[in-house]
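Colleague: Let me begin by handing over the structure; questions about it come next.
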Amino acid sequence: MAVSLLMCSWAFHASSYQLTEKSFVVLQENKVPAGLIADLKNSEKNVFGTDKEFIADLEKKFGADQIKPYHDPLVTAGLNIRASLVLIAIIGFVASFAISLGPVMWVLLSEIFPNQYRGMAMSLAGFWNATVSASVTFIFPWELSHWGSAGTFLGYGLMAAAAMIFVLLFIPETKGKTLEELEGFLMRKG
């Protein structure tokens with residue numbers, strides 16, 4: 001998961017933003033006014049490293065009021081990226097999650113809590129899992145607008161790497177052990 005997220009971050013970091021002839025076709029398809037497209041065609045064609053720099057330059061040239069309503073189509077039209085690399089990274093992340101942290105977390109949690117507290121503990125773990133998942137969904141747009149795509153995926157990639165280190169150092173192996181053996185082992189360790 002960490003490798004996939006970091007690969008995605010690198011792909012966005014290595015991307016550039018510039019308006020080209022293809023960009024103007026995309027803008028027309030997204031119903032950007034013809035007057036703004038004509039102004040954009042006549043403006044200086046600079047290359048920018050991030051979407052924030054790209055939009056800031058357009059807002060400086062044409063005014064924030066004229067650019068803001070078309071922020072998303074402009075960013076999409078100006079983006080030059082290795083899209084296949086991003087696609088491979090996202091598919092790799094989903095596949096990695098599906099065979100690791102996704103299902104294993106629930107199995108691990110059901111094994112490490114003592115029998116008498118397991119039902120309550122699993123409910124609490126499920127609540128916090130849903131809360132954190134919802135929080136990620138709600139803050140993702142803010143992260144994109146403040147940190148950019150590369151920074152957002154870098155943050156998630158570093159968190160995934162930290163989670164991997166945590167699992168390797170602190171999560172006990174439960175394979176082949178009964179629930180009672182695990183409970184005894186964890187109670188002694190704790």
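Throughout, read-outs are computed from the coordinates displayed, never taken from laboratory work. Since we're looking at a predicted model, the values are computed, not measured. FYI the Cβ positions are ideal-geometry reconstructions off the backbone, even for glycines, and counts take in every protein chain you see.
Colleague: At 1.002 mPa s and 20 °C, plugging the Kirkwood radius over alpha-carbon pairs of segment 1-61 into Stokes-Einstein gives what diffusion coefficient in µm²/s?
Modeller: 163 µm²/s
Colleague: Provide the descending list of Cα extents for the chain along its principal axes, expressed in whole angstroms.
Modeller: 74, 27, 25
Colleague: Can you give the three extents of the C-alpha atoms in segment 7-101 along their principal axes, from longest to shortest, in whole Å?
Modeller: Sorted largest first, the three principal extents are 51, 24, 23 Å.
Colleague: How big is the convex hull of the Cα atoms of segment 129-177, per residue, in Å³?
Modeller: Output value, Cα hull per residue: 92 Å³.
Colleague: Normalised radius of gyration for segment 37-88, please: alpha carbon Rg relative to 2.2 N^0.38 Å, two decimal places.
Modeller: For segment 37-88, the normalised Cα radius of gyration is 1.22.
Colleague: For Lys52, go through the lysines and keep the ones whose alpha-carbon is under 29 Å away, minus same-chain ones fewer than eight residues off.
Modeller: Here the lysines satisfying the reach criterion relative to Lys52 are Lys22, Lys31, Lys41, Lys60, Lys61, Lys68.
Colleague: Also, I was wondering about something else. I'd like the distance between the alpha-carbon centres of segment 71-128 and segment 47-69, rounded to an integer number of Å.
Modeller: Between the Cα centre of segment 71-128 and that of segment 47-69, the gap is 33 Å.
Colleague: What is the spread of the Cα atoms of segment 108-190 along each of their three principal axes, largest first, in whole Å?
Modeller: Per principal axis, max minus min of the Cα coordinates gives 49, 26, 20 Å.
Colleague: Of all trypsin sites (Lys or Arg not before Pro) in segment 1-105, which ones are in loop regions per DSSP and have a Cβ with at most 12 other Cβ atoms within 10 Å?
Modeller: Lys31, Lys45
Colleague: Suppose a student asked you for the relative contact order of the chain, using Cα pairs under 8 Å spaced at least 6 residues apart; what percent would you report?
Modeller: Relative CO of the chain lands at 37 percent.
Colleague: Net charge around Tyr17, counting only other residues with Cβ within less than 10 Å of its Cβ (Lys, Arg = +1; Asp, Glu = -1)?
Modeller: -2
Colleague: More than 17 angstrom separation, counting every C-alpha pair in segment 62-130; what % is that?
Modeller: 67 percent
Colleague: Related question: Restricting to DSSP H runs of at least four residues, report the calculated mean residue ellipticity at 222 nm for the chain, -39500 (n - 2.57) per run over all residues, nearest 500 deg cm²/dmol.
Modeller: Value at 222 nm, helices only, nearest 500: -25000 deg cm²/dmol.
Colleague: Specify the residue with the greatest mean-square fluctuation among Gly102, Gly176, Gly157, computed from a Gaussian network of the chain linking alpha-carbon atoms under 10 Å apart.
Modeller: Gly176
Colleague: A follow-up question, please. What are the GluC sites (Glu not before Pro) within segment 104-183 that DSSP puts in a loop, where the Cβ has at most 15 other Cβ atoms within 10 Å?
Modeller: Glu173
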